[in-house]
Amino acid sequence: MIYFDNAATTEPYSEVIENFYKNSKEQYFNASAGYLPSFNLFNNLNSFRKQIIKLLNGNESDNIIFTSGATESDNLAVFGSCFNKQKKYLFSIGEHPAVYNCAVNLRERGYNVEFINLQKNGQIDYDDLQNKCDSDTCFVSIMSVNNETGAINDLKKIRNILDQKSPDAVFHVDAVQSFCKIKLDVTNCKINLLSVSAHKIHGLKGVGALYISKGTKLKNINYGGEQEFGLRSGTINYPGISSFMEAIKVSSLNQCENYRKVLELKNYLLNKLKNVGKTVKVVSDENCSPYIISLIFEGNRGETIMRYLESRNILVGTGSACSTNKIGNRVLHSIGYSKGEILGAIRVSFCANNTKNEIDIFVENIKKYFEEVNT
Ligand code: PLP
């Protein structure tokens, strides 16, 4: 099988599965219990927090809360930062539903919510941000890499705008598609909150984390045993978290090498597509993350192309896997693509284990699809 849907999820590394199995079998203790085996787990968790903070170039006094995935991290970041209905909450219109739907919910509950437009290249419109940011703005959520187009938002540029216009606003970044793929620096960009997920970097599903910079005010949004500094009640998923650390270790060690490989794959694919004989629009330009490539086959249905490829053992995405049941595509629509173009979109997303040979087979099958459609 050829798997080109790595932005939806990735195959877990074997080290991750081994780590999960070993810890589930041997370290099944409740990390919050009062005996020594639990203390050991608790100490390990604190060391894991420090490792993630270091990787993000945070400070020792910053914190990490382990969660059930980025959806939970995003919900905690947004709803945990809502203290005042009179203040302004800004979100990029291109956010993943894990953030976007929180924003919609806040607006329905009477909060002052505004959305930042996107530019044609998929990045946020920095002028729009500049215009909408003011001294009333208390929260800004803008993702690092867009999960549909691969567009990379310039977090430093955003920080400079916030420094000028809303220096006290809490800055949240959904970094799911950039963590361990593209350099992140929470200190340099003065990021307050940052969400990550294990299963996008070859870890397991159901594990994630929220980075919280020192002094950032956040309230809990669930109630229970007050684990994770009172911010995330629920028995700690030690084996899941420990295996997440394994995924982080392997992915971060190979981050530069993986990026180089994937960039080569992207360039190879785009070159090959020139010979398909059909007009293929590439949404994801050279400034986008090489891991995610959004393509538009205008006049065709992306859904049909996806099914055709699936019948030949090639898996690609149409837009976000989390929103396949939704009609249209908010992100492509915001960039300015027409309904017809959006219908023809597919998403190819790589990991470093993909190969040029797989791309050859993919492109051959795209060609065959058009031959069959036209005969
Ligand atoms: N944010 C982004 C940018 C994503 O791509 C995803 C998953 O597709 C999520 C959040 C949700 O992550 P999780 O599956 O860990 O809840």
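The values are calculated or read from the model by the stated rules, or taken from the named source; none is laboratory data. These figures come from a predicted structure and were not determined experimentally. Cβ placement follows ideal geometry from the backbone for every residue including glycine, while neighbour counts extend to all protein chains displayed. Side chains included, ligands, DNA and RNA excluded: accessible areas come from the protein's heavy atoms. Shrake-Rupley method; radii C 1.70, N 1.55, O 1.52, S 1.80 Å.
Some observations on this one:
- Integer Hz, Karplus 6.51/-1.76/1.60 couplings in order for segment 332-345, x for Gly and Pro: 5, 4, 5, 6, x, 6, 7, 4, x, 5, 4, 5, x, 8
- Relative to the longest principal axis of the Cα atoms of the chain, helix 238-253 runs at roughly 60 degrees.
- Comparing Cα centroids, segment 171-235 and segment 4-46 end up 17 angstrom apart.
- For the chain, the share of accessible area belonging to carbon and sulfur comes to 49 percent (1.4 Å probe, ligands and nucleic acids excluded).
- About the Cα centre, charge dipole magnitude for segment 16-126 (Lys/Arg +1, Asp/Glu -1 at Cβ), debye: 160 debye
- Lysines whose Cα lies under 23 Å from that of Lys274, excluding same-chain neighbours fewer than 8 positions away: Lys120, Lys261, Lys266, Lys356, Lys367, Lys368
- Helix content alone sets the calculated 222 nm mean residue ellipticity of the chain: runs of n ≥ 4 DSSP H residues at -39500 (n - 2.57) each, divided across all residues, give -12000 deg cm²/dmol.
- Dipole check for segment 130-173: with +1 at the C-beta of Lys and Arg, -1 at the C-beta of Asp and Glu, and the Cα centre as origin, the magnitude is about 140 Debye.
- Nonlocal amide H pairs with Ala345, under 5 Å, H built at 1.01 Å: Phe297, Gly302
- Check: segment 14-253 dipole with +1 on Lys, Arg Cβ and -1 on Asp, Glu Cβ, in debye: 220 debye
- Over segment 153-310, equivalent-ellipsoid semi-axes from the Cα gyration tensor in Å: 35, 22, 16
- For segment 14-253: Kirkwood Rh in Å [reciprocal of mean 1/r, alpha carbons]: 18.2 Å
- Pairs exceeding 24 Å between alpha-carbon atoms, taken from Lys54/Lys87; Lys278/Lys339; Lys183/Lys272; Lys85/Lys219; Lys132/Lys190; Lys88/Lys205: Lys54/Lys87; Lys183/Lys272; Lys88/Lys205.
- Probing with 1.4 Å while keeping every protein chain in the model, the per residue accessible area of segment 14-253 equals 41 Å².
- Furthest towards positive pole of dipole, Asn271, Gly234, Gly208, structure part segment 197-280, Cβ charges: Asn271
- Taking amide hydrogens as placed 1.01 Å from N in the peptide plane, the amide H of Val207 sits under 5 Å from those of Ala198, His199, each at least 5 positions away in sequence or on another chain.
- Rule-of-thumb Rg ratio for segment 68-131 [Cα; 2.2 N^0.38 Å; N residues]: 1.15
- Between helix 97-108 and the chain there is an angle of about 70 degrees, using the helix long axis and the longest principal axis of the Cα atoms.
- Degrees, to the nearest 10: 255-273 long Cα axis against longest axis of the chain: 20 degrees
- Highest mean packing comes first when the peptides 86-99, 9-22, 143-156 are listed by Cβ atoms within 10 Å, giving 143-156, 86-99, 9-22.
- Peptides 207-213, 329-335 ordered by packing proxy, namely the average of other Cβ atoms within 10 Å per residue, highest first: 207-213, 329-335.
- Descending by average beta-carbon neighbour count within 10 Å, the peptides 77-85, 256-264, 57-65, 291-299 line up as 291-299, 77-85, 57-65, 256-264, the highest first.
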